[in-house]
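A short write-up of the structure that comes next.
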Amino acid sequence: MANIQSHVTQWTHNRALVGHIPAKYPDWLVTVAFYTALQAIDALLAYDNVPVYSHDARNGTLKHTNRYEFIWKHYNPLYDLSRNPALPVDDLRACLENVNRIIDQRRVIVVGLI
């Protein structure tokens, strides 16, 4: 399990890349956006001393823990989208806007962890 700082570093790196991916590559946009969200979530879970070693474990923790209910609500559509990035562009855009909004709201939490 990586430490908080390594998750924050990777989250920052991924977040910078998302804005540079041309819209004509929605599959890569979804993939990088997903892993950006995943790193932010893993930073929070590491802070809370919650070990996660797989997508299933992470998803179960987010879905079944009240503290993470709000995150799960917005992360799950992105997770689903990452498994099938061929959705219509409008669905993709709405999903990414939701995730970006959540990441922006949680940035203070993640940055406060380091």
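Throughout, read-outs are computed from the coordinates displayed, never taken from laboratory work. What you are looking at is a predicted structure, and each value in this text was computed from that prediction instead of being measured. Note: ideal-geometry Cβ built from the backbone for every residue, glycine included; neighbour counts use all protein chains shown.
Descriptive notes on the structure:
- Projecting label points 7 angstrom from Cα along Cα→Cβ for residue 69 and residue 57 puts them 2.5 nm apart.
- Packing, as the average of other Cβ atoms within 10 Å across residues, places the peptides 10-20, 68-78 in the order 68-78, 10-20, highest first.
- Normalised convex hull volume, segment 9-58, alpha-carbon set, Å³ per residue: 62
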